[in-house]
Amino acid sequence: MEKVLYYYIFAFVLTLIIHVLIGEPDLTVMIGLFAFSMGIPLIFQVWREKQREERLRKAGMYEIDSMSGKDFEDFLFLLFKQSGYRVRRTPASGDYGADLILEGPQKIVVQAKRYNKSVGVRAVQEVASACTYYDAEVAWVITNNYYTAPAERLAEKSGVRLIDRNELTDFILQLKESS
């Protein structure tokens, strides 16, 4: 909502400045100037988002290790989209243990964990329940790190696939080589 207000203020101020500079234009010119000035920030926002997506696409493990959790989710969103999946985000809160839903040959729920330490049992429990909630066939936990032994045991028993740093690196390299 704040951004929309900013756009209106920007457009209004720009229209006033142009009005002062060129005198008394008719109503059609004023409406055109207002509409044009509204488009400038929107175009800039779209351009910035495309730049951000490009940076995420080019990211390797070094960049991933310094990402926020949200940026890591966005990175995985783009990574799986690029690899041919239909990807949906879940709500930021109340996601029932999944961050992304991948649709391809199978429906897959993904829990993304950008951690500085090993990922524990809780992530496996959450994504296993998300699998049921979202009616998915498969559940994955993906991390830039590794997993604790209890998390690995639970994942094996519950059928959750754990994708660690090594497998994620291989997937990224494979995707970069194929494009």
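Readers should treat all values here as calculations from the given coordinates under stated rules, not as data from a laboratory. Nothing here was measured: the structure is a model prediction, and the numbers come from that model. Note: ideal-geometry Cβ built from the backbone for every residue, glycine included; neighbour counts use all protein chains shown.
In a shell of Cβ-Cβ distance under 14 Å around Gly120, excluding Gly120 itself, what net charge do Lys and Arg (+1) and Asp and Glu (-1) give? Spell out each step's value before the answer.
On the way: positive: Lys113, Lys117, Arg122, Arg153; negative: Glu126, Glu152, Asp164.
With Lys, Arg at +1 and Asp, Glu at -1, the neighbours total +1.
Give the long-range amide H neighbours of Tyr115: residues separated by 5 or more places, or on another chain, with amide H under 5 Å away, using H modelled in the peptide plane at 1.01 Å from N.
The list, which skips near neighbours in sequence, is Asn144, Asn145.
Counting only other residues whose beta carbon sits under 11 Å from that of Phe72, what net charge do I get with K and R as +1, D and E as -1?
-3
Sort 75-82, 149-156, 164-171 by the packing proxy (mean of other Cβ within 10 Å over each peptide's residues), most packed first.
Highest to lowest by the protection proxy: 75-82, 149-156, 164-171.
Assuming a ≥ b ≥ c are the square roots of the Cα gyration tensor eigenvalues, decide whether the range 90-179 counts as rounded (a/c under 1.5), prolate (otherwise, with a/b larger than b/c) or oblate. Spell out each step's value before the answer.
Working: a/c = 1.60, a/b = 1.13, b/c = 1.41.
In terms of gyration-tensor shape, oblate.
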